[in-house]
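The structure appears below as structure tokens.
What follows draws every value from the coordinates through simple rules; no lab data is involved. Computed from a prediction, not measured in an experiment: that's the story for all the values here. Note: ideal-geometry Cβ built from the backbone for every residue, glycine included; neighbour counts use all protein chains shown.
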Amino acid sequence: MTPPASQNGPGAETPAPGKRIPPSAFLAKPSRRHRGLWALLGVIAFLAVWEAVPRLGLVRPVLLPPPSAIPQAFVAEVRSGQWTDAIVHSLVHYFWGLLIGSVTGIAAGVLTGMSRRLEDFTSWVVRLLRPIPGLAWVPFAIIWFGVTPTAATFIIVLGVFWINYFAALGAVQAVDRDLLELADAFGHRSALAKLVKIVLPAASGTILAGLRTGLGQAWMSVVAAELFGVPGLGQRMMQASSLLATDIVIVYMATMALFYGLVDMGFVAVRDRLMRWKA
Amino acid sequence: MIEIRDLSLAFPNPASPDGRTVVLRDFNLSVAPGEFIAIVGASGVGKSTLLRVVAGLVPPNSGTMVHAQSGDLRGRRPYGLVFQDARLLPWRTVRANVAFGLEGLGLSRAERRRRAEEALALVGLADKAGRWPHQLSGGQRQRVAIARALAVDPDLLMMDEPFGALDAITRQSLQDELLDLWRRTSKTILFVTHDIDEAVYLADRVILLAGSPATVRSEDRIATPRPRARDDSAARALVTRIRDRLSDLMDGGGI
Ligand SMILES: Nc1ncnc2c1ncn2[C@@H]1O[C@H](COP(=O)(O)OP(=O)(O)OP(=O)(O)O)[C@@H](O)[C@H]1O
Ligand SMILES: [Mg+2]
């Protein structure tokens with residue numbers, strides 16, 4: 001289980017003689033096909049190691065089922081109808097939590113970033129609320145909303161809100177003053193005109209990075225939010241684990257990974273389209 | 001057309017005893033409609049600051065400024081400003097950058113596009129309209145900034161060292177294009193430059209700013225009709241005189 005240490009010795013950085021490192025190794029863009037190939041190789045290596053560990057008897061299969069056992073468990077779970085049920089519930093929580101958390105987080109961050117007074121006004125409230133993890137709100141979520149989808153959504157909203165709030169706040173505060181002066185010089189003097197023409201586009205890169213972090217964070221919150229009994233994939237994973245049905249736990253982990261991957265891929269495609277002005 | 005009277009401007013400066021640095025004091029200037037004024041002076045003397053005050057980007061501490069507008073201002077802005085840095089918006093195409101000042105003037109999209117492309121053609125970049133700023137050279141970016149200022153069809157064009165980043169040949173051709181444009185449109189131009197040759201070649205009047213706080217140290221009127229020869233001997237003599245004055249002021253603690 002330990003990584004091969006010999007590769008990481010102090011001499012590892014020295015290139016082999018006769019093999020030159022291109023001067024701009026960091027900036028050079030490898031071809032698309034090459035990158036795809038490396039990504040695929042990485043996945044294959046990961047699965048191979050995982051398969052080997054239980055098969056070689058390093059770990060008992062009930063503690064870590066090999067990947068080859070997962071498709072079967074997946075088919076059974078889908079046939080029973082539980083998979084679809086859990087996924088639909090979780091996706092609804094995910095969607096609303098992400099939407100509400102992102103929109104309110106970005107809006108609050110942008111507004112606070114535009115107004116010094118608002119920043120001062122909220123600074124201590126933010127400092128007090130910010131470190132409380134989403135899970136710590138579960139008791140209140142249950143008291144306020146009961147064991148309902150609303151309670152689960154609430155937990156997700158909290159997690160996503162802060163990420164987007166701080167990303168948007170930082171991005172807006174970092175907008176180049178010179179560009180705001182440019183807006184003044186060309187007659188765009190109102191706060192709204194500056195927001196639309198300068199602040200939002202200038203901040204968009206960082207805001208989008210925050211949104212993307214939120215896409216991942218929201219899945220974590222989905223599991224956490226459903227652990228206390230709201231139907232969905234988190235609840236189903238808890239059931240499975242109490243029965244030691246680790247293969248089913250992995251089915252849901254893989255499902256989440258797959259959904260996250262799809263959403264993230266779609267997001268990156270949209271982002272690259274929006275940000276095509278970047279070099 | 002522009003009357004600047006007793007203009008003073010100070011920036012807050014915690015390091016100085018009175019808590020501020022006076023950049024301009026009792027600055028006076030009157031500019032006739034259609035006049036081409038060049039402002040020269042050492043780095044840091046306050047040339048850019050002066051343009052900022054005239055543009056209303058920085059309120060003066062005292063003094064008055066009257067900027068009488070002429071003609072119909074519909075679809076136009078009172079002034080166009082070319083900053084010392086190109087200051088393009090990286091998320092807009094070249095065309096959309098040039099159209100920046102045209103937004104909010106009640107023009108149709110097609111009209112804005114037409115005027116932006118017209119202005120781009122003036123600076124010789126018509127074929128770059130669809131590019132992103134990062135795909136341009138430094139000099140091309142500066143020309144886009146000039147096109148942006150021209151697009152709003154201002155009475156007053158203020159340019160802060162607009163050709164400073166260009167090679168000699170491009171600079172000369174843009175100087176001639178600027179003169180051509182000025183002749184055809186009768187705009188008033190306030191042109192800041194480090195280059196005294198350029199000032200003397202282009203302007204009706206060359207104003208030398210010096211000192212801290214900055215004041216007008218000399219004013220030379222150049223009556224030579226245009227087109228002017230670049231190697232005109234009277235012009236050369238004037239360039240030398242202004243340069244000597246400037247270096248005297250810098251050596252003699254005049255700054
Ligand atoms: N926002 C500001 N706050 C404080 N001081 C400033 C500010 N802007 C400019 N200054 C100071 O005012 C003085 C004049 O600056 P300005 O930019 O007008 O110089 P300049 O004549 O345009 O110089 P250059 O030829 O190098 O562009 C400088 O000493 C500068 O440090
Ligand atoms: Mg300057």
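Listing for the model above:
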{"quantity": "Span-rule helices in chain A, defined as complete DSSP H runs reaching 15 Å or more along the axis (Cα) with Kyte mean at least -1.0", "calculated": "A:32-55, A:82-114, A:116-129, A:149-173, A:200-226, A:246-274"}
{"quantity": "Rg [Å, one decimal], Dmax [Å, integer] - chain B, C-alpha atoms", "calculated": "18.6, 57"}
{"quantity": "Chain A: translational diffusion in µm²/s, Stokes-Einstein, Kirkwood Rh over Cα pairs, 25 °C, 0.890 mPa s", "calculated": "109 µm²/s"}
{"quantity": "Protection proxy ranking, peptides A:124-133, B:106-115, B:190-199, B:23-32, average beta carbon neighbours within 10 Å, highest first", "calculated": "B:190-199, B:23-32, B:106-115, A:124-133"}
{"quantity": "Residues B:201, A:260, B:79 arranged by fewest to most Cβ contacts within 10 Å", "calculated": "A:260, B:201, B:79"}
{"quantity": "Where the Cα pairs of the stretch A:119-237 fall when distances are cut into 5 Å bins, in %", "calculated": "2, 11, 16, 15, 14, 12, 10, 8, 6, 4, 2, 0"}
{"quantity": "Whole-number Å³ per residue for the convex hull built on Cα positions in the stretch B:209-255", "calculated": "70 Å³"}
{"quantity": "Burial ordering of A:153, B:188, A:206, A:148, fewest other beta-carbon atoms within 10 Å first", "calculated": "A:148, A:206, B:188, A:153"}
{"quantity": "nm² value of the averaged projected area, convex hull over the Cα atoms of the stretch A:21-159", "calculated": "16.2 nm²"}
{"quantity": "Choice from A:39, A:136, A:69 with maximal GNM fluctuation in chain A (Cα, 10 Å cutoff)", "calculated": "A:39"}
{"quantity": "Expected 222 nm ellipticity per residue - DSSP helices of 4 or more, -39500 (n - 2.57), all of the protein assembly as shown, to 500", "calculated": "-17000 deg cm²/dmol"}
{"quantity": "Sequence ranges B:92-98, A:79-85, ranked by mean other-Cβ count within 10 angstrom, highest first", "calculated": "B:92-98, A:79-85"}
{"quantity": "Vicinal HN-Hα couplings computed from phi for the stretch B:59-67 (Karplus, 6.51 cos²θ - 1.76 cosθ + 1.60; Hz; Gly/Pro x)", "calculated": "x, x, 6, 7, x, 10, 9, 10, 10"}
{"quantity": "Cβ-derived FRET efficiency at R0 60 Å, residue B:165 paired with residue A:262, nearest 0.05", "calculated": "0.80"}
{"quantity": "Spacing of the two label points (7 Å from each Cα toward its C-beta) at residue B:234 and residue A:60, in nm", "calculated": "10.6 nm"}
{"quantity": "Sites residue A:144 and residue A:120, calculated FRET efficiency, Cβ-Cβ separation with R0 30 Å, nearest 0.05", "calculated": "0.50"}
{"quantity": "Listed residues A:186, A:208, A:218: farthest to the positive end of the dipole of chain A (Cβ charges)", "calculated": "A:186"}
{"quantity": "Computed Kirkwood radius, in angstrom, where 1/r is averaged over Cα pairs of the stretch B:1-88", "calculated": "14.7 Å"}
{"quantity": "For residue B:123, residues with placed amide H under 5 Å, excluding near neighbours", "calculated": "none"}
{"quantity": "For the stretch B:90-153, alpha-carbon Rg relative to the globular expectation (2.2 N^0.38 Å, N residues)", "calculated": "0.98"}
{"quantity": "GNM top mover of B:169, B:189, B:39 - chain B, alpha-carbon springs below 10 Å", "calculated": "B:169"}
{"quantity": "Exposure proxy ranking, count of Cβ atoms within 10 Å, fewest first, for B:123, B:58, A:103", "calculated": "A:103, B:58, B:123"}
{"quantity": "Fraction of beta bridges assigned by DSSP in the protein assembly as shown that are antiparallel (%, nearest 5)", "calculated": "50 percent"}
{"quantity": "Dipole of chain A [Lys/Arg +1, Asp/Glu -1 at C-beta], most positive-end residue of A:66, A:34, A:269", "calculated": "A:34"}
{"quantity": "Shielding by other protein chains, A:176-185, mean Cβ within 10 Å", "calculated": "5"}
{"quantity": "Within 10 Å of each Cβ in B:87-95, the average number of Cβ atoms from other chains", "calculated": "4"}
{"quantity": "Cα principal axis extents for the protein assembly as shown, largest first, Å", "calculated": "98, 65, 54"}
